[in-house]
Amino acid sequence: MHELITKLYQLALSSHIVSTLLEPVHIVILALPIMTLLLAMIILTIQLRTRQTLSERNLISTYSFIWYLAAAYLLIILPLPTRSSVASLTTAEYNLQPFYFLTQLKALTPFELGDPSTWLAAFKSDTFFQPFFNVLLFMPIGAYLKWRHRWPLWLITLTSFSISLFFETTQLTGLYGYYSRAYRMFDVDDLMMNTLGGIVGAWCLHLIPNQWRNRDHSTRLNWQEHPINWRALGRWSSIGLQLPLLTPSTLS
């Protein structure tokens, strides 16, 4: 298993897309826990006030989902090029041909479905890895909405599509007018793969037994008891090392 994971990691690093994402990933890891903390505190306070009670698992899942959405957004828009380099671009601004990546996969790689020896070279190419990454990127959306909110599949599909459309529109509009033109291509294949990722994420949740998904033995937080230690949260936000702490009264 260790050798398999190592080979998959090396395979991913060999992709130009992954190497391009390394710098944004560093920014995301270092900055997002603090950047998203305030928003998470506001949302969690509203949830606790509305529901009167929350579990630790609610806190962790909500915060991690907020962090994930912010991370996904930054991974989509970063790295940002200079305005001058964007102004000189002559590449296409959009692709409206569905499954164009399959045409590119056949044209730019030696991939043959009946010949397994050609699969590895094809899987290492950007033509394959980009749509594959787009599916993986949106799987947490479907899994979270199905697990925490029990949304129907049609609503998860619509939500995944809407979030993907927002990301793609951000690129097409040149970061809402900051650039003179699109700095990345609006791709209908990205919309399709992102939406598929949300569906796959919701479907994969069914592989986990109900008793595991629904079991929650974590501490229950009650609004009247003011269980959230805001002072500890403030200290945590300055270092970004762990999730919100609870007061001793909630742990007794």
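Structure above, values below:
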{"quantity": "At 1.306 mPa s and 10 °C, Stokes diffusion of the stretch 65-175 via Kirkwood alpha-carbon radius, µm² per second", "calculated": "96"}
{"quantity": "Selection of chymotrypsin sites (Phe, Trp or Tyr not before Pro), the stretch 44-141, meeting DSSP coil and at most 11 other Cβ within 10 Å", "calculated": "none"}
{"quantity": "Positive minus negative residues near Tyr100 (Lys, Arg vs Asp, Glu; Cβ under 9 Å)", "calculated": "-2"}
{"quantity": "Relative packing of 77-86, 155-164, 190-199, 175-184, which averages over residues the other C-beta atoms within 10 Å, highest first", "calculated": "190-199, 155-164, 175-184, 77-86"}
{"quantity": "Computed over the stretch 52-113, Cα set: Rg, Dmax in Å", "calculated": "20.3, 59"}
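Every number in this text was worked out from the coordinates using simple rules, so none of it is lab data. A quick note: this is a predicted structure, and the numbers were derived from the prediction, not measured. With ideal geometry, Cβ positions are generated from the backbone for all residues, glycine too; neighbour counts draw on all protein chains shown.
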